[in-house]
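Trainee: Shown below is the structure under consideration.
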């Protein structure tokens, strides 16, 4: 299983009205605090196994939905957020799967290389994330602080009906 992590807080802010992408409030302070400590934040794990990857591609190329690029932009603009991609997580019957957890604040360095340790607490696995309403709700939830900080949007609180 391969994974890749991206730290939030860098890059350009997306424009309003582009799918679920909105600028994060306040100045861009990067993923670390002013003293270099890791503030913690949302940990988003995106399955890119064969079926999930195909469903994300279908959503973007055929249905012209914002999909994964929008989620990537939200993670980049959310302080402390990290996006990790992984191979198949084994829930193919649920459609495109994304997990959302929480990284605790820490003064220790965050793993930036493949195979490094990335601590997190709790989490939830979300199905049907190739569908625009659910993907947009996930973007809002991450932008609002994510798991253990903000309440899940109604679109994600209901069971997914594929």
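Trainee: Would it be correct to say that residue 135 is part of a helix (DSSP H, G or I) and either at pLDDT 80 or above or closer than 25 Å to residue 54 by Cβ (or both)?
Mentor: yes
Trainee: Still on this model: Name, by its number, the condition in (1) surrounded by 15 or more Cβ atoms within 10 Å (Cβ to Cβ); (2) farther than 14 Å from residue 142 by Cα; (3) modelled with pLDDT of 90 or more that does not hold for residue 54.
Mentor: (1)
Trainee: Do we have any residue at all in segment 63-81 that's under 28 Å from residue 37 (Cα atoms), in a strand (DSSP E or B) and at pLDDT 90 or above?
Mentor: Within segment 63-81 (the criterion being under 28 Å from residue 37 (Cα atoms), in a strand (DSSP E or B) and at pLDDT 90 or above), the answer is no, since none of the residues qualifies.
Trainee: Let me confirm something: among 65, 61, which residue is over 12 Å from residue 127 (Cβ atoms) and either under 16 Å from the mean Cα position of the chain (by Cα) or in contact (Cβ under 8 Å) with a residue 60 or more places away in the chain (or both)?
Mentor: Within the list 65, 61, the selection yields 65.
Trainee: Quick one: what pairs do we get from segment 26-50, first residue more than 20 Å from residue 101 (Cβ to Cβ), second assigned to a loop (DSSP other than H, G, I, E, B) and modelled with pLDDT of 90 or more, C-beta under 7 Å, 6+ apart or different chains?
Mentor: These pairs meet every condition: 29/79; 50/88.
The rows are residues; the columns are (1) surrounded by fewer than 22 Cβ atoms within 10 Å (Cβ to Cβ); (2) in contact with a strand residue (DSSP E or B) (Cβ under 9 Å, 6 or more places away or on another chain).
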| site | (1), (2) |
| --- | --- |
| 38 | yes, yes |
| 50 | yes, no |
| 72 | yes, yes |
| 82 | no, yes |
| 89 | yes, yes |
| 94 | yes, yes |
| 97 | no, yes |
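The values are calculated or read from the model by the stated rules, or taken from the named source; none is laboratory data. Since this is a predicted model, take the numbers as computed values, not measurements. FYI the Cβ positions are ideal-geometry reconstructions off the backbone, even for glycines, and counts take in every protein chain you see.
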